[in-house]
1. Does Ile73 satisfy the condition of being touching a Pro at 6+ places or on another chain (Cβ under 8 Å) and either assigned to a helix (DSSP H, G or I) or within 20 Å of Asn8 (Cβ to Cβ) (or both)?
2. Just to be sure, is Ile41 at pLDDT 90 or above and β-branched (Val, Ile, Thr)?
3. Take the stretch 7-21 and flag every residue that is assigned to a loop (DSSP other than H, G, I, E, B) and either closer than 12 Å to Ile62 by Cβ or in contact (Cβ under 8 Å) with a residue 40 or more places away in the chain (or both).
4. Within the set of pairs 6+ apart or on separate chains, which have a first residue in the stretch 47-59 that is hydrophobic (A, V, I, L, M, F, W, C), a second that is modelled with pLDDT under 95 and open to solvent by 60 Å² or more (accessible area, probe 1.4 Å), and C-beta atoms under 7 Å apart?
5. Might you check whether a residue that is of a type in the set (S, T, N, Q) and modelled with pLDDT of 85 or more occurs anywhere in the stretch 125-136?
6. Return the residues of the stretch 49-66 that are in contact with a Leu (Cβ under 9 Å, 6 or more places away or on another chain), closer than 19 Å to Ser19 by Cα and at pLDDT 90 or above; say none if nothing qualifies.
7. Against the conditions (1) modelled with pLDDT of 90 or more; (2) outside any helix (DSSP H, G or I), where does Val101 fall short? Just the number, please.
8. Among (1) open to solvent by 80 Å² or more (accessible area, probe 1.4 Å); (2) part of a helix (DSSP H, G or I), which single condition is Pro92 missing?
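The values are calculated or read from the model by the stated rules, or taken from the named source; none is laboratory data. On a predicted model such as this, the values are computed, not experimentally measured, just so you know. Cβ sites come from the backbone with ideal geometry, for glycine too, and all protein chains shown count toward neighbours. Keep in mind that these areas ignore ligands, DNA and RNA; they rest on the heavy atoms of the full protein, side chains included. Shrake-Rupley method; radii C 1.70, N 1.55, O 1.52, S 1.80 Å.
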Amino acid sequence: MASLNVGNLGDYLREQRRSAQLSLRQLADAAGVSNPYLSQIERGLRKPSAEVLQQVAKALRISAETLYVRAGILDEQERDELETRAVILADPSINERQKQVLLQIYESFRKENGLDSASAPASAPENTPVDGPRTAGAGDADPKND
């Protein structure tokens, strides 16, 4: 989706609402906020909470993180990191162990590049094996035969 070049949260919300072909009242109803309150947000008179932004984002079918960045709640780098993690965690084609391994690799690359990502947990718990189930090899003892 192309990013709109607008100055602030209110302008951005107005453009998103118009792109979605929603009236102010329709968006307010869909987001569960009052029509006057949403109007004040669009005009830059009110700074909404993260919860309100999340409701509006859901009603507009856009990323809540994008609105958080516009509102100054989240910075661009944190948003990118959160979205990357969310995509990995939401992928149904890989299992939980694989997701944790990918997140650990992602985290290690970020650290290698000088980016600290203490804002979100990336690694598997300490006792979670990341190299898969261990299978008995030729030189391994079989505990069933002891």
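1. no
2. Working: at pLDDT 90 or above: yes; β-branched (Val, Ile, Thr): yes.
Yes; evaluated as a whole, the condition is true for this residue.
3. Of everything in the stretch 7-21, those that are assigned to a loop (DSSP other than H, G, I, E, B) and either closer than 12 Å to Ile62 by Cβ or in contact (Cβ under 8 Å) with a residue 40 or more places away in the chain (or both) turn out to be Asn8, Ala20.
4. Ala50/Ile73
5. Checked the stretch 125-136: no residue is of a type in the set (S, T, N, Q) and modelled with pLDDT of 85 or more.
6. Leu53, Gln54, Val56, Ala57, Ala59, Leu60
7. Here Val101 meets the rest and fails (2).
8. (2)
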